[in-house]
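> One structure is given below, represented as structure tokens, and several questions about it will come after.
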Amino acid sequence: MIDLDRVRSQLADHKIYWHQTIGSTMTEASRLAAAGCESGTVVGADEQTAGQGRYGRAWHSEPGAGLYVSIILRYPFPPDALPVVTLALGLATGEAIFKACDVPSDLRWPNDVLFQSKKCAGILTQLEGSAIIAGIGINVNHAAFPEELSAIATSLRIASGQVHSRERLLVELISSVTSFCSLLEREGREPILEMFSRASSFVFGRRVYVDQGDTMLQGTTAGLNPSGFLMLRGDDGKQSVIIAGGVRPCS
Ligand code: BTN
């Protein structure tokens with residue numbers, strides 16, 4: 001179990017609900033948001049039995065090894081800012097991982113956090129009325145992954161050879177999420193787009209394919225558009241805007 005007193009003493013402005021075991025923190029966060037909870041409320045768990053990933057996938061949530069949290073965010077962002085909020089959450093997660101664990105990460109559009117091309121954190125963003133639910137899963141102290149994930153997943157422990165404090169990482173994560181959302185509110189989208197473009201090796205000049213379920217696109221990445229979507233130059237020279245889909249390197 002996480003040392004909640006330690007976390008609460010450092011995040012005095014945030015209401016934190018912690019569960020030993022839960023289905024998914026997303027469901028509980030949506031319920032609290034619908035009931036009108038404050039912005040910055042955090043729902044976390046030591047274990048999720050039905051952790052949700054993007055595109056209806058499951059999120060592997062080994063008990064006591066990871067950080068599994070959903071944060072309720074209430075900011076006056078217009079609905080079309082959601083893609084940039086998603087980028088901001090990726091930046092915040094990467095920053096927190098670096099500050100707390102000294103592990104440098106890459107960002108794969110829209111917001112997968114990678115270490116040496118394997119995923120160490122994932123982010124799921126949902127709306128509940130006007131509230132944004134930011135679901136963040138970080139693989140912290142996993143010593144290994146099930147066979148079906150071991151080629152694509154890593155943990156901060158595997159990356160650094162050290163066990164890390166989930167409390168310290170949680171405090172940094174909530175602080176970083178708050179500060180990136182405040183930056184977006186104060187200064188608009190441009191700083192987030194610029195920072196994401198600098199932090200991610202996927203934004204410019206990367207040969208990728210994009211899995212959109214029924215279609216597979218291939219091309220070279222060509223930056224972000226002002227909405228935060230990824231631009232892809234196809235081999236026929238035509239540019240397309242990637243709104244959703246799994247981006248994977250060609251080699
Ligand atoms: C992804 O597929 O990359 C997104 C993964 C998001 C996982 C987190 S863990 C905390 C929160 N609760 C969930 O059920 N999912 C998110």
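The values are calculated or read from the model by the stated rules, or taken from the named source; none is laboratory data. Source: prediction; values computed, not measured. Cβ sites come from the backbone with ideal geometry, for glycine too, and all protein chains shown count toward neighbours. Accessible surface areas use protein heavy atoms only, side chains included; no ligands, DNA or RNA. Shrake-Rupley method; radii C 1.70, N 1.55, O 1.52, S 1.80 Å.
> If amide H atoms are built 1.01 Å from N in the plane of the peptide, which residues on other chains or at least 5 residues away come under 5 Å of the amide H of residue 153?
Here the answer is 119, since their amide H atoms fall under 5 Å of that of residue 153.
> Looking at the range 1-144, what % of the alpha carbon pairs are farther apart than 24 Å?
For the range 1-144, the share of Cα pairs beyond 24 Å comes to 27 percent.
> Could you list log10 I(q)/I(0) for the range 203-249 at q = 0.16, 0.24, 0.31 Å⁻¹, which the Debye formula gives when each Cα is one point scatterer?
-0.35, -0.80, -1.27
> Arranged from highest to lowest average of other beta-carbon atoms within 10 Å per residue, in what order do the peptides 231-241, 192-202, 107-117 appear?
So the order, starting with the most tightly packed, is 107-117, 192-202, 231-241.
> Using a 10 Å cut-off on Cβ atoms, rank the peptides 118-126, 30-38 from the highest mean neighbour count down.
Going by the mean number of other Cβ atoms within 10 Å, highest first, we get 118-126, 30-38.
> Please give the net charge around residue 96, taking every other residue with its beta carbon less than 13 angstrom from that of residue 96, where Lys and Arg add +1 and Asp and Glu add -1.
Summing Lys and Arg as +1 and Asp and Glu as -1 gives -1.
> What ranking, highest mean first, results for peptides 88-96, 154-162 when packing means the other Cβ atoms within 10 Å averaged over each residue?
Packing proxy ranking, top to bottom: 88-96, 154-162.
> Which residue, 188, 205, 56, has the most motion in a Gaussian network model of the chain that connects Cα atoms within less than 10 Å?
Fluctuation is largest for 56.
> Whole-Hz ³J(HN,Hα) for each residue in the range 49-54, computed from phi via Karplus 6.51 cos²θ - 1.76 cosθ + 1.60 with θ = phi - 60°, x for glycine and proline: what do you get?
Per-residue couplings from phi come out as 8, 9, x, 9, x, 6 Hz.
> Filter the DSSP H helices in the chain by two things, a Kyte-Doolittle mean of at least 1.0 and an axial alpha-carbon span of 27 angstrom or more, and list the hits by number.
Length and hydropathy pass: 82-101.
> Let me ask another. Before rounding to the nearest 500, sum -39500 (n - 2.57) across all DSSP H runs of length at least 4 in the chain and divide by the residue total; then give [θ] at 222 nm in deg cm²/dmol.
That comes out to -9000 deg cm²/dmol.
> Hey, got the dipole for the range 127-251? About the Cα centre, +1 on K and R Cβ, -1 on D and E Cβ, debye to the nearest 20?
Here the range 127-251 has a charge dipole of around 340 debye.
> Here's another thing I want to ask about it. Ignoring ligands, DNA and RNA, please state the percent of accessible area on the chain from carbon and sulfur, probe 1.4 Å.
Its accessible area is 50 percent carbon and sulfur atoms.
> Dipole of the range 203-249, Cα-centred, from +1 at each Lys and Arg C-beta and -1 at each Asp and Glu C-beta, to the nearest 20 debye?
In total the dipole reaches around 180 debye.
> Give the distance, in whole Å, between the Cα centre of the range 216-251 and the Cα centre of the range 47-88.
Each part's Cα centre sits 23 Å from the other's.
> Evaluate Rg over Rh across the chain, taking Cα atoms for both radii and Kirkwood's formula for Rh.
Rg divided by Rh gives 0.95.
> On to the next question. Could you report the range 203-249's accessible area per residue, 1.4 Å probe, as an integer in Å²?
Solvent-accessible surface per residue comes out at 53 Å².
> Express the accessible area of the range 51-184 per residue in Å², computed with a 1.4 Å probe while the remaining protein chains stay in the model.
37 Å²
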